[in-house]
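The values are calculated or read from the model by the stated rules, or taken from the named source; none is laboratory data. Every value quoted in this text rests on a predicted model; they were computed, and no experiment measured them. In this analysis, Cβ positions are derived from the backbone assuming ideal geometry, glycine residues included, and neighbour counts consider all displayed protein chains. Side chains are part of the model used for accessible areas, which takes the heavy atoms of the whole protein and leaves out ligands, DNA and RNA. Shrake-Rupley method; radii C 1.70, N 1.55, O 1.52, S 1.80 Å.
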Amino acid sequence: MAMNVGSPGGDQDVMVEMNTTPLIDVMLVLLVMLIITIPIQTHAVKLNMPNPNAKPPTIPPVVHTLAVDFDGSITWDGQAVPNMRDLDSRFLQVAQQGDNQDEIHVSPNRLAKYDTVAKVLADASHIGVKKIGFTGEEQYIQ
């Protein structure tokens, strides 16, 4: 870096150049902040929400209760499900009903692993079950 100290003869020139280094520093900081915050703003969870003007069904649907316990055991309407293949076959029976599917109310235990509940929901979604809801949320409110 050089400094303009003037000539020995007393002729002093005024420096007319603007120092752009602070401007570039500020712009780089703003660019980095923009790059960091953009992925957070675009994160979204896709939900299939019901039509707000949908007419209620004339016949109430059959409701199946699917409970996930803290140890990973799964029960369907109070009966233990021995493995995921058996659960998938029950999901397939519900999915084959078309638009008039039975409702499945998932009731996970407060201490149930997220992984187990997520696998159950993913299997139901892949098979084609559309009417899934959660019950028992009051155990999480404290």
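So the values come out like this:
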| quantity | calculated |
| --- | --- |
| Average accessible surface area per residue within the chain, 1.4 Å rolling probe, Å² | 83 |
| Theoretical ellipticity at 222 nm over the chain - DSSP helices of four or more residues, -39500 (n - 2.57) apiece, nearest 500 | -11000 deg cm²/dmol |
| Estimated FRET transfer efficiency (residue 21, residue 47; beta-carbon r; R0 41 Å; 0.05) | 0.25 |
| About the Cα centre, charge dipole magnitude for the chain (Lys/Arg +1, Asp/Glu -1 at Cβ), debye | 640 |
| 3J(HN,Hα) from dihedral phi, segment 117-132, Karplus parametrisation 6.51/-1.76/1.60, rounded to Hz, x for glycine, proline | 5, 5, 5, 5, 5, 5, 4, 4, 5, 5, 6, x, 6, 10, 9, 10 |
| Listed values (1) 8.0; (2) 10.0; (3) 18.6, entry calculated as mean projected area of the Cα convex hull in nm² | (3) |
| Packing rank of 72-82, 124-134, 48-58, 19-29, where each peptide gets the mean count of other beta carbons within 10 Å, highest leading | 124-134, 72-82, 19-29, 48-58 |
| Size of electric dipole in segment 60-142: Cβ of Lys, Arg +1 and of Asp, Glu -1, about Cα centre, debye, nearest 20 | 140 |
| Relative contact order (percent, whole number), the chain, Cα cutoff 8 Å, 6+ residue spacing | 21 |
| For the chain, share of DSSP beta bridges that run antiparallel, in % to the nearest 5 | 40 |
| Sequence-distant residues sharing a close amide H with residue 106 (under 5 Å, placed H) | 66, 133, 134, 135 |
| Heavy-atom accessible surface of the chain: percent carbon and sulfur, 1.4 Å | 61 |
